[in-house]
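The values are calculated or read from the model by the stated rules, or taken from the named source; none is laboratory data. Keep in mind the model is a prediction, meaning the values are calculated, not measured. Cβ sites come from the backbone with ideal geometry, for glycine too, and all protein chains shown count toward neighbours. Only protein heavy atoms, including side chains, enter the accessible area calculation; ligands, DNA and RNA are left aside. Shrake-Rupley method; radii C 1.70, N 1.55, O 1.52, S 1.80 Å.
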Amino acid sequence: MSPTAIVAEYAAAKSRQDVEGALRVCQEDFLLDTVPFGIRGKGKTEVAAQLRIFFTTFPDYAATLEGQAASEVDVTAWGTIRATMRGPLGSFAPTGRAFALPFSCVFPLRDGLLAGERFFFDLNAMCEQLGLPFERVAAELRTFRGEEPSEAPEEKARAFVAKFRDFWRPPLDPERLGELLHPDGRLQTPGMPATVGLEAGKEAFRNLFELMPDFRAEIERWSAAGDALFLELTLRANVGGQEVRVPAVDRFLLRDGKAVERVSFFDPSPFLQALGAAAPR
């Protein structure tokens, strides 16, 4: 079974609230990291208990996968999650209201099974749709984790997203990459060698714009939790008179408002095929 098929089976089982079916494709030491809640489950027994509690609150939970991107070591998936609050969430009584939220997940792989899941969605939006007070929910989660109050990451992520959009507005200038990337930042792109450092990143963008001068990255949706930010993108360029559009997901790790790592997930073959067809013969 391919990695993406394994993720699809796992997601389908969770959407049926079939805990055993979901964990059937997972390693015994599977780690479930629900990042917005700040809660981790370690091992199948603990994860199964957490999932059963979650499904008591949200018995009609369902995830619709809208895209996946696989590497040798992990799979990133994204789409929409939906559920209705029919049971209590901590000390909060059921509201009977539903949510529909974009999500992203990263699944590390090991020996043909899922070794873990890092689950990202917007907790603030979830609370708003369910009619729950976000600050009180966040405070209760911090108390549950035994933590002191801390600043939520949404505003820092929102500021980075604004800078990202501004970077991609014409005229495109690789010299502005320093507004987004740390001096030691790492960029990983499908089909290309990874770059480390700001100058290497600028050179990679100069090469990209030389091949496709009107290349663009347009944000469709984004989500953030902690130091991680996911952007769901449409990559587009006109190559030899042909408009090429490719869906993508960028995963950023942020520090001090800039990226220390960006990993892109997309299929580069449509661009490569268009460039090959447009090349002089």
task: Could you check the simple spin-label distance between R16 and Q242, using points 7 Å along Cα→Cβ, in nm with one decimal?
output: 4.1
- prompt: If you average the sequence gap of Cα pairs under 8 Å that are 6 or more apart and divide by the length of the chain, what percent do you get for the contact order?
  reply: 13
query: How far, in degrees from 0 to 90, does helix 44-57 lean away from the longest principal axis of the Cα atoms of the chain, to the nearest 10?
result: 80
- line: Toy charge model, Lys and Arg Cβ at +1, Asp and Glu Cβ at -1: segment 113-215 dipole around Cα centroid in debye, rounded to 20, equals 140
- line: Relative contact order as a percentage, segment 175-218, C-alpha pairs under 8 Å and 6+ apart, gives 30
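Taking all protein chains in place and a 1.4 Å probe, what share, in percent, of the accessible surface of segment 111-203 do carbon and sulfur account for?
54
Count the lysine pairs in the chain whose Cα atoms lie under 22 Å apart, taking only pairs 8 or more positions apart in sequence or on different chains.
Numbers: K14/K42; K14/K44; K156/K258; K163/K202; K163/K258; K202/K258.
Pairs that pass both the separation and distance tests number 6.
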- prompt: How much length is gained if the chain between A200 and E72 is pulled fully straight, taking 0.36 nm per residue apart and subtracting their Cα-Cα distance, in nm to one decimal?
  reply: 43.7 nm
query: Ignoring ligands, DNA and RNA, what percent of the 1.4 Å accessible area of segment 240-281 is carbon and sulfur?
result: 53
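Once you charge only the Cβ atoms, +1 for Lys and Arg and -1 for Asp and Glu, what is the size of the charge dipole of the chain about its Cα centre, to the nearest 20 debye?
Dipole about the Cα centre, nearest 20: 400 debye.
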- line: segment 84-214: relative contact order from alpha carbon pairs under 8 Å, six or more residues apart, as a whole percent, is 12
field: Accessible area expressed per residue, segment 199-256, with surrounding protein chains retained (probe 1.4 Å, Å²)
entry: 47
message: Looking at the chain only, what percent of DSSP beta bridges run antiparallel? Nearest 5 please.
response: 85
- line: The farthest towards the positive end of the charge dipole of the chain, of the residues I53, A274, Q27, given +1 on Cβ of Lys and Arg and -1 on Cβ of Asp and Glu, is I53
message: Only four residue types carry charge here, +1 at the Cβ of Lys and Arg and -1 at the Cβ of Asp and Glu. Report the dipole size of segment 203-281 about the Cα centre in Debye, rounded to the nearest 20.
response: 100
- prompt: Fully extended, how many nm does the chain gain between T143 and A5 (0.36 nm per residue separation, minus their Cα-Cα distance)?
  reply: 45.9 nm
